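Heads up, the thing below is written out as structure tokens.
The values are calculated or read from the model by the stated rules, or taken from the named source; none is laboratory data. Every value quoted in this text rests on a predicted model; they were computed, and no experiment measured them. So basically every Cβ, Gly included, is an ideal-geometry build from the backbone, and we count neighbours across all protein chains shown.
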């Protein structure tokens, strides 16, 4: 298997210039699948904290870079939507959030907000013993004793240390959502209507923006959030 990645073929969510050079770093296997951005790209190309892979490895060996509360030593570790990046020595905290156009962006957040992360429930299944397992968009599994309150397309907030669910946002009319894919990626609004398509077709959702304009997109393209994820507190995100 090749260790190289051509820039022209990276996912559209990657925050890199495709014609700047031929090659870029390839993400290791891990969370977020092929959409995951290698940590090195964020450290070198976005934040400018390192100039090379060698410098990135040195920095990561200091255990000062955390992803979702866990120190990371692999510069190719994939980073994706709603991950929390913490730089302990700099006392800087970021949430990975899609901007308009679908590219992943780093939104500065507070230290308290960095203690937990949001995940979209993409699957719910009962496991041995009667408990339920919730699978999130990045492949993480969360176990709950009673699954009756949770449904696919809901969102939950998980504490990075305890792995406990600290908040739950249901997917329903009136819910605040952000589009994370498609032509409306990065746009935010409230769910006005959910249309269930019979058969194998995709369900659709109609979303109303703050200015009362609307857009319609595929149900799988939206994630339920709350106002703390919109940057409304004055935080401004930059391209990740």
If only one of 152, 135 is surrounded by fewer than 19 Cβ atoms within 10 Å (Cβ to Cβ), part of a loop (DSSP other than H, G, I, E, B) and modelled with pLDDT of 95 or more, which one is it? 152
Before we move on, is residue 29 loosely packed, with under 14 Cβ neighbours inside 10 Å, outside the structural domain of residue 183 (by TED's automatic domain parsing) and either at pLDDT below 90 or under 15 Å from the mean Cα position of the chain (by Cα) (or both)? yes
Qualifying position, being out of contact with any helix residue (DSSP H, G or I) (no Cβ under 9 Å at 6 or more places or on another chain) and either assigned to a loop (DSSP other than H, G, I, E, B) or modelled with pLDDT under 95 (or both), among 172, 161: 172
Condition first: more than 12 Å from the chain's Cα centre (by Cα) and under 20 Å from residue 36 (Cβ atoms). Can you find one or more residues in region 78-85 that meet it? no
Which condition from (1) surrounded by fewer than 14 Cβ atoms within 10 Å (Cβ to Cβ); (2) farther than 25 Å from residue 57 by Cβ is the one that residue 142 breaks? (1)
Could you check region 182-202 and list, in sequence order, the residues that are under 26 Å from residue 96 (Cβ atoms) and in contact with a helix residue (DSSP H, G or I) (Cβ under 9 Å, 6 or more places away or on another chain)? 182, 184, 185, 188, 202
For a quick check of your reading: which strands (runs of 3 or more DSSP E) sit entirely within region 176-229 and have at least 3 residues that are within 19 Å of the chain's Cα centre (by Cα), touching a residue at least 12 places away in the same chain (Cβ under 8 Å) and more than 18 Å from residue 105 (Cα to Cα)? none
